Amino acid sequence: MLAIHTYVDNGLRPGVDASRADYELSAARIALIDAEQATELARVDLAEKMGVAGTYVNIDPDPIIRAPSPKFDARPVELSKHPLALLRSSVVTTATAKVKVIDKTWYPHLWLHGNFWGRGSNAPGGVGTPIGGGILPQAMNYMVGASLSFPIMDYFEIKAKRKNAFNEELAEKANFDLAMQILEQKDARARVLLIEARRVADETPIMVKAARENAVKTVERYKVGLANIVNVSEAERILARAEVDDALAQVRVWKAILATGYVQGDLRPFLKIVSAAEGKYR
């Protein structure tokens, strides 16, 4: 900007170049203000989701806009140990146990009974010598018996309950199978997104390097009169866009790693990489 105004002031470039440069500078400042506004609003939303609404949350973006190191390897895992799968499995186990309990309700039940008691008295003519003034028992007795019950009159009620419990068991098994299908689909999708995000992230640094070289060469051509101010502003715009795309590409890799850990039910690998990145760039 200063160089363009210098060229214009010395009569080496037309005055329209200074006007175009001032326009591009104002447009860039407006874009920066919009970006800062979006950043602050996102910071407010993050604080609310963290449960500290109204608190300023400071973010160090440096580790996240760089390629993750060490490299995360998204290998297929046993999704049956995922928390959601374990929850659905426990529900199926409960439903199966309920059916078994109802099945055993129809069995005959043998009940054993027993009783033991004693009697004490200080009344005249009582048996033996009263103990403790007749308060403590001195004449003992007991009873032992057994009874057999068979709920034949509850047959239709038990049958209906078993049918209902069996259908509930089938429904929970279907929910478990559906949950596993969803986990498998999300796991495969997350690994595909991670692979493609890495491919893009590997290309964006090359794009930034080419855009930077183009901007430098365009400025040099402008200095010797082989390019106009439009070429310079376009080259600078391309460079800025390439740098933003590169940062976003690296963030998408981090998001894909997080999504993979979330789907696989284990965030420890992601947190380990984050800790390593924070230690490296701190």
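The values are calculated or read from the model by the stated rules, or taken from the named source; none is laboratory data. Treat the numbers as computed from the prediction; the structure is a model and nothing was measured. Cβ sites come from the backbone with ideal geometry, for glycine too, and all protein chains shown count toward neighbours.
Numbers for the structure displayed
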read-out	value
Which listed residue is surrounded by fewer than 17 Cβ atoms within 10 Å (Cβ to Cβ), touching a residue at least 24 places away in the same chain (Cβ under 8 Å) and assigned to a helix (DSSP H, G or I), from Arg221, Arg212	Arg212
Answer residue from the range 62-79, given it is touching a residue at least 12 places away in the same chain (Cβ under 8 Å) and exposed (fewer than 12 other Cβ atoms within 10 Å of the Cβ) and is farthest from Glu278 (Cα to Cα) among those	Pro76
Selection count where residues are part of a helix (DSSP H, G or I), without any contact (Cβ under 8 Å) to a residue 60 or more places away in the chain and not charged (D, E, K, R), scope the range 140-170	9
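Listed here are the residues, each with its yes/no results for (1) surrounded by 12 or more Cβ atoms within 10 Å (Cβ to Cβ); (2) in contact with a helix residue (DSSP H, G or I) (Cβ under 8 Å, 6 or more places away or on another chain); (3) not assigned by TED's automatic domain parsing to the domain that holds Val244.
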| position | (1), (2), (3) |
| --- | --- |
| Ala38 | no, no, yes |
| Glu48 | yes, no, yes |
| Val52 | no, no, yes |
| Leu84 | yes, yes, no |
| Asp103 | yes, yes, no |
| Asn115 | no, no, yes |
